[in-house]
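Down below is the structure, laid out as structure tokens.
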Amino acid sequence: MNTPIKAVLLSQDEKNYSIVKNLFTTIDNNRFELEWIVLEQTQIRQVISQNYQVYLIDAHLWINPSQEQAQNLATLQKYLSPLINQISPTPIILLTDNSFLGKATLELGIEDYWDKNELTPSIIERSLRLTLKNTQQNGHQERVLEENKLKQKIRQLEEYKNKYEAGIEAREEIFYEWNSQTNQIFWRGNLEENLGYCAKEIINHLDWWNDLIHPEDQLKFAVAIEQMSETREPIKRNYRIRRKDGKYILLEDLGKFFRDSQGKWVRMAGFIKDITESNQVKERLKKQEQSFKNLGENIPDAVIRLDQNNRYLYVNSTVEKITRLPSEKILGKTFKEIGLPDSVVNLWTQTHQEVFESGEKRIIEYEYPSVEGKTYWQNQIVPEFNQKGKIESLLIIGRNLTEGKQIEEALRTNEEQLRLLMDSLPVCIAYTDAEQRYQFINKNYERWFGHKKEEIFGKTLQEVLGQQAYQVVRDNVERALRGELVTYETTVPYQDGGSRHVLGNLIPDLGENSQIKGYYALITDISERKRIEEKLRYRLLLETAITLVSKELATYEQVDFKRILQILGVAVKANRVYLLRFYKNGTQASMIHEWCAHHIHPKLKQFQQINVSKSSWWLTQLQHQKKVFYTNIDDLLAETEESLTSKGVNSGVGIPIYHKFGKLWGQIGFDSIGQTLKISPEEDSQLLQVVGDLIYRYYERIMAQEKLQASESLYSSIFNHSADAIFLVKVLPEGEFIYETVNPAYEQATGFFLEQIIKKKPRDIFPLSIATQTEQWYRTCVKLKETLFYEETLELPVGTRIWRTHLVPIANSQGEIVTIQGSSRDITEVRQAIDEQIRSAKFQHLLASLTIKIRQLFQIEEILETAVKEIQTTLSADRVLFLKLNSQGSGKVVYESVVDGFPSLLNRVYEDDCFVHYYQTQYDFGEIKVCSNINEENFQDCYRELLQQAQIQSYLNFPIMIYQDSQDSKSEILWGILSVQQCRNYRQWTTDEIDILKQITTQLSIALKQAQLRKQEMEQRQELARSNQDLEQFAYIVSHDLQEPLGIISSYGQLLHRHCQKQLDPKAETYIDRMLNSVKRMRQQIEDLLQYSRIGTRKQTLQLIDSHSVLRQAIANLEIPIKKHNAQIEINSSLPNLRVDPSQLRQLWQNLISNAIKYHQNIPPVIKINCQRQKDEWLFSIQDNGIGINPRYYERIFQVFQRLHTQEDYPGTGIGLAICQRIVHRHGGRIWVESELGQGSTFYFTIADNKD
């Protein structure tokens, strides 16, 4: 017995179920079984998942009969389409009372629809049988498709298997598969290469593999397999395996158990690979890391390693001592978490982020507060990269710089003290330039000569010393200016009659390229010393040489090196003693001092800037702190030491001198030409080493003294002659400030006298508000201990001024700020000029911007809207608007830009007579209105009330005039008013603002006039186009309507000629012939007129064609007249491809060639066709040898029906050239003619080269 087909009806209407159920009972009940389910829309997806073979769905589940059919169809499509896709191929039948919806839903994929109004048992049975038949056929097709898909999947799996096995062969890893039941192992991969066994030696069994495992690892291997068999989890294990050559390698084995078809764990698969080399690398890295750790623990520096989140990965013992925390409480934490100061945390975080971003090493110095006090540190931050080149950590090495900083502070204090001592030295110190004019003197110099330094600066040596004293020192001065180091003693007479015996030391000041810039003079009054020397000469001769030399070099006075060298020479019985100085990294040397006996030739001038780079043996000896022995001083320049030993006994010795950093500074040497040294060379070297060190220290002191003198001189000059206002402020212990001194520029800039400022506080001088702000700046400078820059506005006796002030804190040796040095510059005029430039630039930018936008924007609405916004922003006005006026005098605000807080006047209409009666007249004549304060203007009450309602305090009103053309003249009319308003306060309008707004209104007037012209032009174009269209339509209609009467005339004329020919006399036949010819000409004219009209009305169809082919078609159409007149046509150039209308181009060629044939002389016509490229177009020409054209008819021949000859001479309609002109114009070209009577004609036309 067949199982009935189950059908389900999804409906909420019991009546529908009753209808269908009754019809089902009349058909084969054993064949079909119907079930009814009442449900909502949302429950349909739950029902369709059950096992039904036919679904009957009531359309009223979704649609509303009162809605339109299109809307109901869209609703059905929305809900049915996903259901059809979900239950396919199970059929769906739609139950509806609208056949239109039923037919439309068939396209969605349902099997059938039942119209409830026409439903019968036969319809139901036939529909169900057809539906089930289609379903069975679809099911068979789907099974075939499923089988094909399965076969395709099997092929894909085979391909995947082949690729997988090929991939295993290509990998360095070895794949294995072990059967735990049989202990069989199957291998894939380069097992032979890894273990050295050939394929025949490999046994596919677990016992063979166990024999190869290292004895110590066999138990571990067995335990791992047992563990895996119990847990069934993947496991990775490392063990050693023996190669064929007996060596063991370390393998990594990653395996996993798999079930068989009955679910038993019988198979394990995995990969093994050789990790011997990688394991060795890990061991080396581990040892290196341990070495790094040992190094970090044994150096005094702090060593830290941080990750990318600034968390500690490693710290050495130094870090533990600094932080007083064990490493366990540091590692894994951030700076903040271990309690570092915020200043250090912020600096480190920012610097480390920069290193992570740049990948470059950084060095920073910072202050670190600790329990022992303030310390200074230097951190070297080095990025550490991983194998992929990315930064994964930072290595920081910190070094304590506290001791070095303290030394620097001490040196700075000493330098300040040295500057203070300069003026207390018992030495006259001066600097004179190359023109012998004073540039610097110390206090002692002022006391000697009784003049202030201001009185001496800039004067010559002769003007200050007097003629007599100048002649005494003149030679020495000129020697110094020649570059000599001059030391002299002399008696100098003074202009007041007295004299002094002085010791002078003149030191040349060498600039770049060894040019003499001037000289330093150190003058010591030795009058008293001379007197004592005479008494103690005998005692001084007894002093040891070393005592004399030490005394000379230890003093701050200028040293007579020649005398020192002489003392040394006598002491060691040498006849030459010299001092060499090295420059340029030891490659150049100069003899700076020399003493020699009277019979010895000096070498001082010879040994200047000598190249010693070739004497490498000499420099090597000195750099290794060794003595140099030689026979003669000239031998020092020998290239090898061996060349000296051949000359005999050494008579000279040189000892190196080093500076404080250990580099070679110079050499001091002895020559004993012709005699023997007094003591041994070893004792000479010890003496010279002591003297050399004293000489270097002396030079170091002199250089420091010169720098101090220059610094003091510079500071004094700057303080007294600077254009900036300079002042010194003393910091009192209680946080108060008083002025210690000010320079003359400060007095002039403030209008206060020095007595009004010294020892006064800021609040004693300035108004309280300014003094409070000034003291706040001073406190900030003291607190930060940093230089401050700021601008301030001061109310001074000279007026309100703007200063740019610079404060520099000055600390004592304990680091406390005791003085503030300030300098100020008056920038009032500069700031005013800048503000004026900015304001002018803004105005010019506004004008340029609006001018450009006026030219770019064709819509006047956009122009005006842009203008109010730009003007309001640039002028910082509260409101800008355009008031549009009409002829009746009323106005409307059409555009506006207003700041928040003030009422908007946009679209406000003003219709009262107040504005028109009292004020519009002046605007009609183009006058502007400037109002800075409405309360000061004599306004009518009504107008004042209007301004107050809009909250207007000040305004600028500019009339916008445009020219109005009339038949007789031009005149200006008032279009509207541009109003710029200030609402929050009164405003004094500047001349620049008024001028720029005048220019803007001029531009806006031009824009308004242009808009009117564009509108008129657009209207005229539209009217012309409409007129042309009507004219073309009229020509077509007229030409077409004339065809019918002409046809009747022609027909009756031909009938008369054919049937009445014998009855008519010759004269009547002539009349009939003339009538028929006229009709023929009239018909041709109508045809040409129709063709002319179509060219203008037919839509152009442009194609890319070969113009040469089109020309050939035109020539073929003219085959009969060409043969009749024996015409010759020459094409003298290749023709291009063009995008044109091919039929019109063919008509163009045909008309021009036809005319050239028609208007020929008594000789056969010769027609030459040429073409050439001109920029972006093609120029064509057709030249003939015909009758030619009078130049005065060049324009006339292109007009419709214009002929130059009679029909008897040359037949035609006179419209051919007009058609040619229209075709060329339609293609964007030009056409013209060049000709003379009897000389032929050449017609030219152009077509654009537009292939796209």
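Distance from the C-alpha centroid of region 948-1025 to that of region 462-491: 84 Å, rounded to the whole angstrom. A DSSP coil position with no more than 15 other Cβ atoms inside 10 Å describes the following chymotrypsin sites (Phe, Trp or Tyr not before Pro) in region 1146-1252: Tyr1194, Phe1201. Subtracting the Cα-Cα distance of Glu1023 and Ala771 from their residue separation scaled by 0.36 nm leaves 82.7 nm. Label 7 Å along Cα→Cβ of Asp13; region 56-83 residues with amide nitrogen under 11 Å? Label zone hits: 58-65. Here is the list for region 779-815: GluC sites (Glu not before Pro) lying in DSSP coil, each with at most 11 other C-beta atoms within 10 angstrom of its C-beta, are Glu786.
With a Förster radius of 45 Å applied to the beta-carbon distance between Arg984 and Glu755, the computed FRET efficiency rounds to 0.45.
The length gained on full extension between Ser876 and Arg399, counted as 0.36 nm times the residue separation minus their Cα-Cα distance, comes to 165.9 nm. Multiplying the residue separation of Gln951 and Ser327 by 0.36 nm and subtracting their alpha-carbon distance yields 217.3 nm. Taking a ≥ b ≥ c as the square roots of the Cα gyration tensor eigenvalues, with a/c under 1.5 meaning rounded and otherwise prolate when a/b beats b/c, else oblate, which class fits region 171-274? Note, shape of region 171-274 comes out prolate. Inter-label distance, Glu700 to Lys660: 0.4 nm, where each label sits 7 Å from its Cα along the C-beta direction.
FRET efficiency for the pair Leu313 and Glu233, taken as 1/(1 + (r/R0)^6) with r the Cβ-Cβ distance and R0 = 35 Å, rounds to 0.60. What FRET efficiency, computed as 1/(1 + (r/R0)^6) with R0 = 56 Å and r the Cβ-Cβ distance, is obtained for Ile928 and Asp764, rounded to the nearest 0.05? Once the sixth-power term is evaluated, E becomes 0.60. Take the residue pairs Lys759/Lys785; Lys1080/Lys1158; Lys236/Lys388 and return only those whose Cα atoms are more than 21 Å apart. Cα-Cα > 21 Å for Lys759/Lys785; Lys236/Lys388; rest within.
Remark: for residue pairs Lys452/Lys530; Lys562/Lys627; Lys584/Lys614, the C-alpha separation exceeds 25 Å in Lys452/Lys530. Restricting region 366-438 to trypsin sites (Lys or Arg not before Pro) that sit in a DSSP loop and have at most 12 other Cβ atoms within 10 Å of their own Cβ leaves Lys388, Lys390. Using a simple spin-label model with pseudo-atoms 7 Å out from Cα toward Cβ, Cys1060 and Gln608 lie 14.2 nm apart. Quick one: go through region 1232-1252 and flag any residue whose amide nitrogen is under 19 Å from the point 7 Å out along the Cα-to-Cβ line of Leu1104. Hits in region 1232-1252 for Leu1104 at 19 Å: 1247-1252.
Only the coordinates and a few stated rules stand behind these numbers; no lab work does. Source: prediction; values computed, not measured. Backbone-built Cβ (ideal geometry, glycine too); neighbour counts: all protein chains shown.
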